[in-house]
Amino acid sequence: MKRSNKPIFWSLFGAGGMLAALVGPMLIFLTGIAAPLGLVDMSYARTLALAQHGLGKLALFVVIGLFLFHGCHRLIHCLHDFGVPVGPGVKASFHGFAILGSAAAAVLLFAL
Amino acid sequence: MKAYQRPMAGWWHRNPFYLWYTLREASALFVTAYALVLLAGLARLRQGEAAFDAWREALASPASLGFHAVALLLVLYHAWTWFKVMPKTLPFLRIAGRRVPDRAIVVAGLASAVLFSTILFVMVKA
């Protein structure tokens, strides 16, 4: 029997869900509300320094990658719930999207 | 031959339980979009200061602030449900041979979220 890839994608979904539950609301507040309103400093210099620091790179990669895997995996279930038939092709596209997005983040962070 | 497919339209708002379920699942759309917003920010950061400032300006638009406000609420609800089901999603935890009560697991999860979010806030605000 072919081995299922389910444990891999479920683990990434779970890790992303845990990260989103722990710091998701605060991250969204900081970058999407507080920074644009001038309550926290998200200047070019400061953000570049974060993205050039090893731990900063790791944090940004983990947040973007795991949020994508969490979101895309749950969206597959949403499609099913709304009566859209989900076959291997749909699953592969959603997981593939998360893989591509994570790869893009890795390439950008590597280049910065 | 065509197999019967039962109709799926409108099931999600007929029962409050399903509505809350659907709201939680909708958080996935916002988590994905938020990750893409951050990814776009990284791409703009790579292009230089002018491009990054244009990204920041876009974040200050009413549409973006509205998106982030809705995302904040839905992800908060996601977090609440995530910790609420944690006694069921985790294997049984035992301390000194006794099972950790469900309530303690939920409280520990919520407390960790508050702790880590506070640490993040202090680090960013400093």
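Coordinate-derived values only; no laboratory data. The structure displayed is predicted, hence computed values, not measured ones. As a convention, Cβ positions derive from the backbone with ideal geometry for all residues, glycine included, and neighbour counts pool all protein chains shown.
Scanning region A:76-108 for residues that are facing chain B (nearest Cβ under 7 Å) and surrounded by 20 or more Cβ atoms within 10 Å (Cβ to Cβ) returns A:Gly101, A:Ala105, A:Leu108.
Report yes if A:Leu60 is of a type outside the set (Gly, Ala, Ser), assigned to a helix (DSSP H, G or I) and crowded, with 17+ Cβ neighbours inside 10 Å, otherwise no. Write out each step before concluding.
Numbers: of a type outside the set (Gly, Ala, Ser): yes; assigned to a helix (DSSP H, G or I): yes; crowded, with 17+ Cβ neighbours inside 10 Å: yes.
Spelling it out, A:Leu60 is indeed of a type outside the set (Gly, Ala, Ser), assigned to a helix (DSSP H, G or I) and crowded, with 17+ Cβ neighbours inside 10 Å.
Step by step: first the residues of region A:20-57, then only those that are in contact (Cβ under 8 Å) with a residue 12 or more places away in the chain and more than 8 Å from chain B (Cβ to nearest Cβ), then the one that is surrounded by the most Cβ atoms within 10 Å (Cβ to Cβ). Which residue is that? Filtering region A:20-57 for residues that are in contact (Cβ under 8 Å) with a residue 12 or more places away in the chain and more than 8 Å from chain B (Cβ to nearest Cβ), the one surrounded by the most Cβ atoms within 10 Å (Cβ to Cβ) comes out as A:Lys57.
So which residues in region A:91-112 are touching a residue at least 60 places away in the same chain (Cβ under 8 Å) and within 15 Å of the chain's Cα centre (by Cα)? Matches in region A:91-112: A:His95, A:Ala98. The set of residues from region B:1-32 being at the interface with another protein chain (Cβ under 10 Å from one of its Cβ atoms) and either of a type in the set (S, T, N, Q) or surrounded by 15 or more Cβ atoms within 10 Å (Cβ to Cβ) (or both) comprises B:Gln5, B:Trp12, B:Thr22, B:Arg24, B:Glu25, B:Ala26, B:Ser27, B:Ala28, B:Leu29, B:Phe30, B:Val31, B:Thr32.
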